[in-house]
Amino acid sequence: MEISKQIKKCRGRIGLSQEQLAEKIYVTRQTVSNWETEKSYPDIHSLLAMSLLFDISLDELVKGDLEMMQKEIKKVDTKGFDRKAVMLFVAMFLVLAVLPLYFLIDNWLWLIEVPLIIWMLVLTIQVEKFKDKLNIHTYREIVAFTNGTPLDEIAKQRRKRRIPVAISTTIGFIAAFAAGILIVWLIKHVL
């Protein structure tokens, strides 16, 4: 990535240490170090702050990286990520649905619950690793901004995507717990 070289070069040109740069743009020294060693990519707000501080355009700061970002956005396997996210949701649903059964068969239920919780934790780790591995969210914001989309519009689009996920997740958790309670009630009163 060109951005790591650009940050080092511009920081050196104005005589700032990593710590001094970090203070000026309100991030940690470790964050600056991660950018310069290509462990992570700066978000759009940090890029804009550095652009102003270094007195260069955003295009100049990220030169060479825009094409790479567009290629990464196109090639990312969102289907694999979506599949894992759905499996994680199913695992959480099952954990919550089985939970009320503790009132009936508390001695043996751990045989069901523990593997479900382990599966859920493994999926959570995989989803988080996938998110960390790819800077797609940041790349999309930078590409959108360089194409003329205002920052407030980018933030609004991000919020729109989060709201349906939060609502569906909440509804799913409530439905799972309600299903578990219904199962317990049916077992106690019907069977």
Flag if Val32 is among the β-branched types (Val, Ile, Thr), closer than 21 Å to Tyr139 by Cβ and modelled with pLDDT of 90 or more | yes
For the stretch 71-89, does any single residue satisfy the condition of being under 23 Å from Gly12 (Cβ atoms), surrounded by fewer than 18 Cβ atoms within 10 Å (Cβ to Cβ), within 22 Å of the chain's Cα centre (by Cα) and modelled with pLDDT of 80 or more?
-> no
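The values are calculated or read from the model by the stated rules, or taken from the named source; none is laboratory data. Worth saying up front: this structure is predicted, and the values here are computed from it rather than measured. FYI the Cβ positions are ideal-geometry reconstructions off the backbone, even for glycines, and counts take in every protein chain you see.
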